[in-house]
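Okay, so here's the structure we're looking at.
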Ligand code: PXP
């Protein structure tokens, strides 16, 4: 069964729109867990545009499932991760001007840096995942860093969904998953997934967890957060193979 990590960054985005205290992502995390979410994902960005240090600190004490901290591979973030010790860290590239994470990490280019960067995290028992595009060279390089997981970037798949390009990019995701498994990497996926395009992704054999944020928080505006999580869980529970 493919599990569901719910990314609650955009609950904080709404809070930041007014610079106040509501809605609180800490309350959102509790509702997500009660509704069946398997993990809570937050991205602590360098510019703190949504999730902030206070959120991460409280969530590290209150999350009952698993806290997955998305972060850039910087010294500042490494220090925070070592302090709060989330269940897992997902390393993502970060550009200041982007609206959201635009591409995967270039592990091929940064392999030696990442190998060293990961060591302190792994030594205290934090699980590490690398967010990469479905590119076989990136998969091979990821396996050499000693990270236990990769998270495949499904943004391009989401953009091409229902177009003639969909099959090609879906096949890339399948091939990348297969190679990763042969190299003993576990595979998550995420970015741009919604209630329509997710079904094909959960049919990929061996997929472990999907991290989904924007579509769940968007649906929550209309049906409530608990229902939005339950609707996504229903798809994962019934379409996994
Ligand atoms: N996975 C990673 C690594 C991400 O950076 C994001 C976006 O923050 C997501 C998953 C969730 O993407 P979305 O909000 O489009 O569902």
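The values are calculated or read from the model by the stated rules, or taken from the named source; none is laboratory data. Keep in mind the model is a prediction, meaning the values are calculated, not measured. Don't worry about glycine lacking a Cβ; one is built from the backbone with ideal geometry, like all the others, and counts go over all protein chains shown.
A few points about this structure:
- When the residues of the range 172-195 are filtered to those that are more than 13 Å from the ligand (Cβ to nearest atom) and assigned to a loop (DSSP other than H, G, I, E, B), the one that is surrounded by the most Cβ atoms within 10 Å (Cβ to Cβ) is 185.
- Within the set 115, 95, 64, the sole residue that is more than 30 Å from residue 33 (Cα to Cα) and modelled with pLDDT of 95 or more turns out to be 115.
- Failed item in (1) at pLDDT below 95; (2) surrounded by 14 or more Cβ atoms within 10 Å (Cβ to Cβ), with residue 84 passing the rest: (1)
- Sole residue being under 23 Å from residue 181 (Cα atoms), assigned to a strand (DSSP E or B) and touching a helix residue (DSSP H, G or I) at 6+ places or on another chain (Cβ under 6 Å), chosen from 152, 114: 152
- Residue 167 being over 17 Å from residue 69 (Cβ atoms) and not in a helix (DSSP H, G or I): no
- Screening residue 206 on (1) in contact with a strand residue (DSSP E or B) (Cβ under 9 Å, 6 or more places away or on another chain); (2) assigned to a loop (DSSP other than H, G, I, E, B); (3) within 16 Å of the ligand (Cβ to nearest atom) shows it passes everything except condition (3).
- Selection of the range 1-43 for residues being within 11 Å of the ligand (Cβ to nearest atom) and closer than 16 Å to residue 89 by Cβ yields 5, 7, 9, 41, 42, 43.
- Residue match in the range 206-220 (condition: modelled with pLDDT under 95 and under 19 Å from the mean Cα position of the chain (by Cα)): yes
- Test: residue in the range 163-171 that is within 15 Å of the ligand (Cβ to nearest atom) and buried (at least 16 other Cβ atoms within 10 Å of the Cβ): no
- Scanning the range 12-61 for residues that are assigned to a helix (DSSP H, G or I) and under 19 Å from the mean Cα position of the chain (by Cα) yields a count of 16.
- Residues in the range 4-22 that are touching a helix residue (DSSP H, G or I) at 6+ places or on another chain (Cβ under 7 Å) and crowded, with 17+ Cβ neighbours inside 10 Å: 4, 6, 8, 10, 11, 12.
- Candidate set: the range 44-71, residues that are under 19 Å from residue 209 (Cα atoms) and within 14 Å of the ligand (Cβ to nearest atom); chosen: the one surrounded by the most Cβ atoms within 10 Å (Cβ to Cβ): 70
- Residue tally, condition surrounded by 17 or more Cβ atoms within 10 Å (Cβ to Cβ) and more than 25 Å from residue 170 (Cα to Cα), over the range 104-156: 8
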